[in-house]
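K.L.:
Sharing a structure, written as structure tokens. Questions coming.
The values are calculated or read from the model by the stated rules, or taken from the named source; none is laboratory data. Predicted model only: the values in this text are computed from it and were never measured. Every residue, glycine among them, receives a Cβ derived from its backbone with ideal geometry; neighbour counts consider all protein chains shown. Only protein heavy atoms, including side chains, enter the accessible area calculation; ligands, DNA and RNA are left aside. Shrake-Rupley method; radii C 1.70, N 1.55, O 1.52, S 1.80 Å.
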Amino acid sequence: VIGFRPTLNSYLKKKRKKRHSISHSFNPSSVDCRTVTELLIEGPFVPRFLHCCRALLRKNWENQTCGMENNWSDIPFEIARKIAMEHLENWDDFEAFRKVCSVWRCAIEDVKYFCPLINTQLPWLMLADPPESSHRRFYSLTKCMYRTINLPQLDKDDEDDHRMYYSSKGWLISVSRRNRNITLFNPFSGKVIKPPSIALEFVESVHRYNDPWDDDDYLCHFYKFIVSVNSSTSNDFAVAMVFDKTQKLAFWKPGQQEWTKPVIPGLTIDWVLDVCFFKGEFYAIDHHGIVVSFGSKPRIIANLGHVAQGQGLIPIAISNLYIVEVENMLLVIHRRVDNGDVYHETDLLETFELNVDDGKAKRVESVGNRALFVGLSSTFFVSASEHGCKANTIYFTDDDCDGFRTKTYRGGSDMGIYCLKEGKIIDRFYQGPSQFCHISPPMWVELPHC
């Protein structure tokens, strides 16, 4: 069938009569490939055909032999491409598609960036491989398997150095130990962006107080990176960085030669816990629950530490706070951690909706058909029914840096799925290898949008 592209339509027209003689419950091993090709364009058969294709792709993920008598390379070039570009629903299947045969690989070799029309991809969990490693392993919650992706080549002055990692909007952000070089790497498209490095003079605790820059201090000077736009193709974006021992804030856009620290008269911007991009502006929340917007005129939106605690919504002792846009709503997530002598464990997660106009907050008992994801990555959500995860839950990874960097245990011990309705942890999504690390513990990597 290969190379018969000009006659594809005529071939399908001649074979159309055969479709009525084929059972609705078929599988690719019992139907010749030409007939399967025909079924792809027949609406009622498409779901069953794709189900069989996904079974084939699943076997490729497992690197197992498919055990099918048919030669899948006999499926025409155009149909193979149609399967990949119009019917696959997640990046895992697209990558496995390449491994079916050389014809299928050739059909999509010019596709530099895959973005499914219907995205059912669950976020990846980037595991804790050695900090000097040239690769990272990613755990697929969809397939319950690992995938290894090579990292971009280090700068010459960082070749024998190691890096800390962060994640936001599908990007991996690394910071080298010795020279504080920052790299944005998109594992889905392979795109690499290099913002300006951080000079020691920019780090206040080092410059003003003469703190040493050594292996231990290096771990405490970077907390989070947040990218404004969830896209691998757009250059119209900005990056927020939470850095320094006192967790200050700085911004950068492509084309700028250095990072910029925001200034708000009468307010010291430090101990920032999380940042999100909402309605064209960055919003930050600090450890007191103060929410600030950084638009053309930066302003204080709310003081949740005063308002919410006064209403009895948030306890006096705050463990951690996150802020996230959820379909035109601005949500704040409070996470309480029980710090034991040996281990720490999340024992409470709760959500609040913040009104950016009047600064008032109200408790949200349910997030509906959504799952929220929190940790050292930027905070985000997915539709539970579309992505096959648990609804009205919060998937959390370990981000208690002060805990796992100062005690005997390592980061990665505090991960799980918290059900908001039941008010407790209901599952542990990962307990495999490469779970523990005090430098870059496991964190979420979400699939970027088109």
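K.L.:
Which one is surrounded by the most Cβ atoms within 10 Å (Cβ to Cβ), of the residues in the stretch 277-288 that are under 25 Å from the mean Cα position of the chain (by Cα) and in a loop (DSSP other than H, G, I, E, B)? I'd like the intermediate steps shown before the answer.
P.N.:
Quick first cut of the stretch 277-288, residues under 25 Å from the mean Cα position of the chain (by Cα) only: 277-287.
Adding the requirement that they be in a loop (DSSP other than H, G, I, E, B) leaves 279-280, 287.
Numbers: Lys279: 11, Gly280: 9, His287: 15.
The extreme case among them is His287.
K.L.:
While we're looking at this one, here's another question. I'm told Ser189 meets every condition in (1) open to solvent by 30 Å² or more (accessible area, probe 1.4 Å); (2) more than 30 Å from Ala384 (Cβ to Cβ); (3) in contact (Cβ under 8 Å) with a residue 40 or more places away in the chain except one. Can you identify the failing condition by its number?
P.N.:
It is condition (2) that Ser189 fails.
K.L.:
Out of Thr120, Thr148, report the one residue that is farther than 25 Å from Phe436 by Cβ, modelled with pLDDT of 65 or more and touching a His at 6+ places or on another chain (Cβ under 8 Å).
P.N.:
Thr120
K.L.:
Can you find a residue that is farther than 23 Å from Trp444 by Cα, part of a strand (DSSP E or B) and either open to solvent by 10 Å² or more (accessible area, probe 1.4 Å) or modelled with pLDDT under 90 (or both) anywhere in the stretch 261-276? Full working, then the answer.
P.N.:
We begin by selecting, within the stretch 261-276, every residue farther than 23 Å from Trp444 by Cα; these are 261-270.
Narrowing the set further to residues that are part of a strand (DSSP E or B) leaves 264, 267.
Cutting the leftovers down to either open to solvent by 10 Å² or more (accessible area, probe 1.4 Å) or modelled with pLDDT under 90 (or both) gives us 264, 267.
Checked against the condition, which is being farther than 23 Å from Trp444 by Cα, part of a strand (DSSP E or B) and either open to solvent by 10 Å² or more (accessible area, probe 1.4 Å) or modelled with pLDDT under 90 (or both), the stretch 261-276 yields at least one hit.
K.L.:
State all residues of the stretch 63-93 that are at pLDDT below 65 and hydroxyl-bearing (Ser, Thr, Tyr); if no residue qualifies, say none.
P.N.:
Of everything in the stretch 63-93, just one residue is at pLDDT below 65 and hydroxyl-bearing (Ser, Thr, Tyr), namely Thr65.
K.L.:
While we're looking at this one, here's another question. Would you mind stating whether Ala96 is under 21 Å from Glu446 (Cα atoms) and either touching a Cys at 6+ places or on another chain (Cβ under 9 Å) or at pLDDT below 75 (or both)?
P.N.:
Considered against the rule, which asks whether it is under 21 Å from Glu446 (Cα atoms) and either touching a Cys at 6+ places or on another chain (Cβ under 9 Å) or at pLDDT below 75 (or both), Ala96 comes out as yes.
K.L.:
Scan the stretch 393-447 for residues that are of a type in the set (A, V, I, L, M) and either at pLDDT 90 or above or touching a Cys at 6+ places or on another chain (Cβ under 9 Å) (or both) and jot them down.
P.N.:
Matches in the stretch 393-447: Ile394, Met415, Ile417, Leu420, Ile425, Ile426, Met443, Val445, Leu447.
K.L.:
Any idea which residue in the stretch 219-260 is farthest from Pro131 (Cα to Cα), counting only those that are assigned to a strand (DSSP E or B) and more than 21 Å from the chain's Cα centre (by Cα)?
P.N.:
Once the filter is applied, the top-ranked residue is Thr260.
K.L.:
Next up: Considering only residues of the stretch 323-337 that are assigned to a strand (DSSP E or B) and not β-branched (Val, Ile, Thr), which is farthest from Phe282 (Cα to Cα)?
P.N.:
Filtering the stretch 323-337 for residues that are assigned to a strand (DSSP E or B) and not β-branched (Val, Ile, Thr), the one farthest from Phe282 (Cα to Cα) comes out as Arg336.
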